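Trainee: Handing you this structure, nothing more for now.
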Amino acid sequence: MSEPSRTRPPEEVGARFSSLRRTDTAPELLLRQELHARGLRYRVQARVPGLPRRRIDILFTKHKLAVSVDGCFWHGCPDHWIAPKNNAEWWLWKVRVNQERDADTDRILASLGYTSLRIWEHVPPRDAADLVMARLNELKGR
């Protein structure tokens, strides 16, 4: 699938998007703080083995749990994503590519024995930490 053409955004819009954080976003930091407060320790921004340009937001190495905090806009949240009116075809393509890359990363992690847990950025930090704790408890019981 090739990239569709698009109209270049105004300079200020491009600058705003370029300045957005890719790591250590507010939802990631809040989840990490909540997990740390619960006594959990983890690795941050760990490389995906064999894929040097892909990272795991939060990695529990002992239990092989890879947690990703996905942004609603960039990853196409079914509850919140609305296609922009400008360059709509390009944005649909961009989000689809992101989703395919996420699925590929999850497949690769599974082949390496990891469990992937994807959490939307809109999930409150306590609820997100509850999801992580539940998955860790499942993995401990294996």
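Trainee: Does segment 62-95 hold any residues that are at pLDDT below 95 and polar (S, T, N, Q), and which are they?
Mentor: N86, N87, listed by residue number.
Trainee: In segment 19-46, how many residues are in contact with a strand residue (DSSP E or B) (Cβ under 6 Å, 6 or more places away or on another chain) and in a strand (DSSP E or B)?
Mentor: 3
Trainee: Among the residues of segment 27-65, count how many are among the small types (G, A, S) and under 15 Å from D130 (Cα atoms).
Mentor: Residues meeting the conditions: 2.
Trainee: Which residues, taken from segment 50-63, are in contact with a helix residue (DSSP H, G or I) (Cβ under 8 Å, 6 or more places away or on another chain) and surrounded by fewer than 18 Cβ atoms within 10 Å (Cβ to Cβ)?
Mentor: G50, L51, R54, H63
Trainee: Further question on the same structure: Going by what's in this entry, would H80 be described as within 22 Å of Q45 (Cα to Cα) and assigned to a loop (DSSP other than H, G, I, E, B)?
Mentor: Answer is no for this residue.
Trainee: Just the residues that are within 12 Å of L51 (Cβ to Cβ) and small (G, A, S), please, taken from segment 105-122.
Mentor: S111
Trainee: If you don't mind, there's one more thing I want to ask. Can you tell me which residues in segment 90-132 are under 17 Å from Q33 (Cα atoms), touching a helix residue (DSSP H, G or I) at 6+ places or on another chain (Cβ under 8 Å) and not β-branched (V, I, T)?
Mentor: The answer is W120, E121, H122, P125, R126, A128, A129.
Trainee: Among the residues of segment 103-131, count how many are in a helix (DSSP H, G or I), under 21 Å from P78 (Cα atoms) and touching a strand residue (DSSP E or B) at 6+ places or on another chain (Cβ under 7 Å).
Mentor: Number satisfying all stated conditions: 4.
Trainee: Could you check N87 against (1) surrounded by 14 or more Cβ atoms within 10 Å (Cβ to Cβ); (2) at negative phi and say which number it fails?
Mentor: (2)
Trainee: Among the residues of segment 64-71, is there at least one that is out of contact with any helix residue (DSSP H, G or I) (no Cβ under 8 Å at 6 or more places or on another chain) and surrounded by fewer than 18 Cβ atoms within 10 Å (Cβ to Cβ)?
Mentor: No, the conditions are met nowhere in segment 64-71.
Trainee: Any residue at all in segment 35-46 that's within 25 Å of E3 (Cβ to Cβ) and buried (at least 16 other Cβ atoms within 10 Å of the Cβ)?
Mentor: Within segment 35-46 (the criterion being within 25 Å of E3 (Cβ to Cβ) and buried (at least 16 other Cβ atoms within 10 Å of the Cβ)), the answer is no, since none of the residues qualifies.
Trainee: Sort out which residues of segment 78-91 are closer than 16 Å to E3 by Cα, over 18 Å from the mean Cα position of the chain (by Cα) and free of Cβ contacts under 8 Å to residues at least 12 places away in the same chain, and write them in order of number.
Mentor: A88
The values are calculated or read from the model by the stated rules, or taken from the named source; none is laboratory data. On a predicted model such as this, the values are computed, not experimentally measured, just so you know. Here Cβ is always computed from backbone atoms with ideal geometry, including for glycine, and neighbour counts include all displayed protein chains.
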